[in-house]
Amino acid sequence: GLGDVYKRQTLSRLDAKQFQALDWSMLVLDEAQYIKNHATISARSVKSLDSLHRFALTGTPIENRLSELWSIFDFLMPGLLSTYENFRTRYEQPILDGDERALERLQALVGHFILRRMKQDVLTDLPDKDESIVYTQLGDEQMRLYRALEQRLRESINSRSRQAFS
């Protein structure tokens with residue numbers, strides 16, 4: 001699988017050609033919301049990889065835009081929802097206009113491939129929170145950098161405040 005999403009997404013952008021040369025038996029895209037914008041380099045790079053099996057995991061609900069659903073399914077099953085332009089015409093715009101039948105058609109098409117668990121269903125699976133607070137002293141160089149960043153932040157806030165009230 002692709003493993004650590006941040007590292008792999010970074011690598012997929014930088015080394016897409018090398019990844020494309022590999023034979024993938026399975027791609028598991030954790031945090032699939034990172035490809036919700038189909039126009040990004042990351043989304044195009046990950047979608048260009050060939051594999052026998054694909055899975056997409058996300059804890060972020062796909063509620064904001066139907067284009068996000070299209071992009072994730074374009075990774076999972078390219079062509080199932082056609083091109084984005086066709087998807088937009090057939091499903092997205094009609095659904096935004098309140099067309100219940102278009103929504104039902106889309107749900108019938110993709111619903112079988114979505115496993116949705118509610119927060120209250122998974123909270124029982126989580127272990128108790130383990131929290132440790134550790135105090136440490138900054139070294140001289142760290143303190144100098146910290147104070148410089150603090151000063152820069154103060155100046156930025158003050159500058160924005162003056163602009164807002166000018």
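Worth a mention:
- Only one of 138, 145 that is surrounded by 10 or more Cβ atoms within 10 Å (Cβ to Cβ) and in contact with a helix residue (DSSP H, G or I) (Cβ under 7 Å, 6 or more places away or on another chain): 138
- A single entry from 73, 87 fulfils the requirement of being under 21 Å from residue 44 (Cα atoms), surrounded by 11 or more Cβ atoms within 10 Å (Cβ to Cβ), in contact with a strand residue (DSSP E or B) (Cβ under 9 Å, 6 or more places away or on another chain) and not small (Gly, Ala, Ser): 73.
- Scanning the range 90-135 for residues that are of a type in the set (Ser, Thr, Tyr) and surrounded by 12 or more Cβ atoms within 10 Å (Cβ to Cβ) yields a single hit, 91.
- Residues of the range 1-38 classified as surrounded by fewer than 13 Cβ atoms within 10 Å (Cβ to Cβ), touching a helix residue (DSSP H, G or I) at 6+ places or on another chain (Cβ under 9 Å) and at pLDDT 75 or above, total: 1
- Of the criteria (1) in contact with a helix residue (DSSP H, G or I) (Cβ under 7 Å, 6 or more places away or on another chain); (2) open to solvent by less than 40 Å² (accessible area, probe 1.4 Å), which one residue 51 fails: (1)
The values are calculated or read from the model by the stated rules, or taken from the named source; none is laboratory data. Note that the structure is a prediction, hence the values are computed from the model and not measured. A quick note on method: Cβ atoms are made from the backbone with ideal geometry, for glycine too, and the neighbour counts reach across all protein chains shown. Just so you know, the surface numbers come from the protein's heavy atoms only, side chains and all, with ligands and any DNA or RNA stripped out. Shrake-Rupley method; radii C 1.70, N 1.55, O 1.52, S 1.80 Å.
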